[in-house]
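A short worksheet on the structure shown next.
The values are calculated or read from the model by the stated rules, or taken from the named source; none is laboratory data. These numbers come from a predicted model, not from an experiment. Neighbour counts are summed over all protein chains in view; Cβ atoms, including those assigned to glycine, are modelled from backbone coordinates with ideal geometry. Keep in mind that these areas ignore ligands, DNA and RNA; they rest on the heavy atoms of the full protein, side chains included. Shrake-Rupley method; radii C 1.70, N 1.55, O 1.52, S 1.80 Å.
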Amino acid sequence: PALAGIALTSSLRVRRMAWWSRTRVVYAIGRNYVAHAHELNNPVPKAPFWFIKPASSIIGSGTPHQLAPGATDTHHELELGVVIGRRATRVKAADAMAHVGGYCLALDMTDRGAQDAAKKAGKPWAAAKGWDTSCPVSEMVPAAAVADPSSLDMWLRVNGEAAPR
């Protein structure tokens, strides 16, 4: 990791910059799991669609997070985060993996009440998905250390207890 800066106290200390500190936006894919779409009584689209979370939504694993302002029904989904390691614009599918710098676990936190209201009004989900601290992430694992990202065994503990897989 690159150096973020130096803090002077009684001794010289060097802080490491978090891998996500230069992230500008989180791109996420919606309704790509058919079973989850059915669980929420959502229609299954012919193709998944994109939504975004702002950089302010990202926090490190174990960092205290906040619920969405006014939230009454907050859910989370464990996702495999694909970290783009170099500039990527209009990349051909055959070249996409060359842009992957690594992987992380990410929690996609959602204020379901706000999301349902936005869907009914035909509005975007930004407020329901993108509040500050709504995307906790793990440390990044370099792409070279992951032979097959589609066969990873991902799991989550919530308040010390294993969450359903």
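What to note about this one:
- Qualifying residues in the range 37-69 (those that are assigned to a loop (DSSP other than H, G, I, E, B) and among the small types (Gly, Ala, Ser)) - the one nearest to the chain's Cα centre (by Cα): Ser61
- If you go through the range 43-78 and keep only what is closer than 15 Å to Thr110 by Cα, open to solvent by less than 40 Å² (accessible area, probe 1.4 Å) and of a type outside the set (Val, Ile, Thr), you end up with Phe51, Lys53, Ser57, Ala68, Ala71, Glu77.
- Where a residue in the range 54-74 is free of Cβ contacts under 8 Å to residues at least 60 places away in the same chain and within 18 Å of Met17 (Cβ to Cβ) and its partner, wherever it lies, is open to solvent by 70 Å² or more (accessible area, probe 1.4 Å) and not hydrophobic (A, V, I, L, M, F, W, C), with Cβ under 7 Å and at least six apart: Ala55/Arg24
- Which numbered condition Ala47 misses (of (1) small (Gly, Ala, Ser); (2) at pLDDT below 90; (3) closer than 26 Å to Ala18 by Cα): (3)
- For the range 134-165, filtering for residues that are farther than 22 Å from Val83 by Cα and open to solvent by less than 100 Å² (accessible area, probe 1.4 Å) leaves 4.
- Residues in the range 79-96 that are over 11 Å from Cys135 (Cβ atoms) and either surrounded by 12 or more Cβ atoms within 10 Å (Cβ to Cβ) or touching a Pro at 6+ places or on another chain (Cβ under 9 Å) (or both): Leu80, Val82, Val83, Ile84, Gly85, Ala88, Val91, Ala96.
- Among the criteria (1) in contact with a strand residue (DSSP E or B) (Cβ under 8 Å, 6 or more places away or on another chain); (2) surrounded by 14 or more Cβ atoms within 10 Å (Cβ to Cβ); (3) farther than 16 Å from Val25 by Cα, the one Trp125 does not fulfil is (3).
- First in the range 145-165 and touching a residue at least 24 places away in the same chain (Cβ under 8 Å), second anywhere and exposed (fewer than 11 other Cβ atoms within 10 Å of the Cβ) and of a type outside the set (Phe, Trp, Tyr), Cβ under 8 Å, 6 or more apart: Met154/Arg165; Trp155/Ala162; Trp155/Arg165; Leu156/Ala162; Ala163/Arg157
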